[in-house]
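Single-structure report; data block below.
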Amino acid sequence: MKSIPFLSFEKMHSQIKQEILQQFEKVYDSYWYILGKEVETFEKLYAKYSDVQYCIGVGNGLDAIIIALKSLNVGKGNSVIVPSNTYIATWLAVSYVGAEIIPVEPDEKTYNIDPEKIEQSIKENTKAIIPVHLYGQICEMDKILQIAQKHNLYVVEDNAQAQGTFFKGKISGSWGNINATSFYPGKNLGALGDAGAITTNDEILSQRAKTIRNYGSQKKYYNEVKGINSRLDEIQAAFLQVKLKYLDEWNKERQQIAQWYMEFLSDEKNIILPHIHPDATSNFHLFVIRTKKRNELQEYLHQNNIGTLIHYPVPPHLQEAYKDLNYKKGDFPIAEEIADTCLSLPMYPGLEKEDVQHIATTIKSFFQ
Ligand SMILES: *Cc1c(COP(=O)(O)O)cnc(C)c1O
């Protein structure tokens, strides 16, 4: 029986192996491993790709959000609006800077934060909104920016999952005051280890972020603020230069795979397929379906050698880590419903049309 893993790097990484090895050799032989030419080059390339003036390479996506918030001076005494359904990193960043979390429920179709529900949640001390472009679809950024402007709030995009997507023609990571992304290996633009970046058009914020990521120092051994150590490695920056060249091509391939899924599964009434807002694009970081019989379907696919994952089985407000906030089941019913019914199907460059057809056929046979 054919085995289809949930994720495979095989096609992508065999395609670029020679280029990656050359980059490795270049960095190895340069004898310079932290904050050198490769980071600078990648920052320029990723800023250009993201249609912004500045990019600051950092250690990972969580740190990118933390540093973005610190650059805005968001901290103790402030509150920050975040989606109730997101990867926990978004919430953790707010906690780490000492601010209060205000969860807002998602739109039931796109799964992204519902702009209609943001305004009623804004408090006196609210300073920022973090829209998360979940599963690869960019949020309704025009409405979010309007609300932010009206209430004098900062916007920090969590663009970890949606590199290379557009809302009304404007690219993700270019909308907010200062934005964060992750190059965790499994993201659409993934390093070969941990990595992340911040993008912004604001020169002052870019300088602050650059200072904070490097011990609060611009000039070696002179520390202006209490920073952290979260620098993008030279070696990862060199690898990312190569992978960035292929990002659009690989995103297109994912979009094609998504189309095949949509086509083959359109007549399966027992599942809910992804819905993309007409003004938005998705890079299909994940292809997430929903069904009441989620656990049984996952088990059936597993028995048929088809890998799946659940993003995410427990929403942040019900995680053990957040028991101090005293939330209970039922507090964010849409986030909970998504957590109980979502299933991520295989999605990566290299997945063939026959694979998608096989997965779709197997799903249909489960429901028959
Ligand atoms: C992956 C991810 C992050 C965190 O990125 P890391 O590089 O793993 O720290 C943050 N937010 C979202 C939505 C993510 O998917």
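Just so you know, all these numbers are worked out from the coordinates, no wet-lab data involved. What you see is a predicted model, and the numbers here were worked out from it, not measured in a lab. As a convention, Cβ positions derive from the backbone with ideal geometry for all residues, glycine included, and neighbour counts pool all protein chains shown.
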Project the alpha carbons of the stretch 247-367 onto their principal axes and report the range along each, largest first, in whole Å.
47, 33, 24
Just check the stretch 1-71 against the gyration tensor rule for me: Cα atoms, a ≥ b ≥ c as the square roots of the eigenvalues, rounded for a/c under 1.5, and otherwise prolate or oblate depending on whether a/b exceeds b/c.
oblate
Give the separation of the Cα centroids, the stretch 213-276 to the stretch 1-16, in Å.
18
Which of the lysines could a cross-linker bridge to Lys143, judged by Cα under 23 Å and excluding same-chain residues fewer than eight apart?
Lys109, Lys117, Lys123, Lys127, Lys168, Lys170
Taking the Cα-to-Cβ direction at Ala321 and at Asp248 and moving 7 Å from each Cα, how far apart do the two end points lie in nm?
3.6
Before rounding to the nearest 500, sum -39500 (n - 2.57) across all DSSP H runs of length at least 4 in the chain and divide by the residue total; then give [θ] at 222 nm in deg cm²/dmol.
-12500 deg cm²/dmol
Extension gain (nm, one decimal) between Lys26 and Lys109, 0.36 nm per residue minus Cα-Cα
25.2 nm
Among Glu203, Glu157, Glu43, whose mean-square fluctuation peaks in a Gaussian network model of the chain (Cα, cutoff 10 Å)?
Glu203
Two-decimal Rg/Rh across the chain, once Rg and the Kirkwood Rh are taken from alpha-carbon atoms
0.97
Principal axis box of the stretch 298-368, alpha-carbon based, largest edge first, Å
47, 30, 19
Assuming R0 = 30 Å, can you tell me the calculated FRET efficiency for the pair Asp202 and Lys123, based on Cβ-Cβ distance, to the nearest 0.05?
0.75
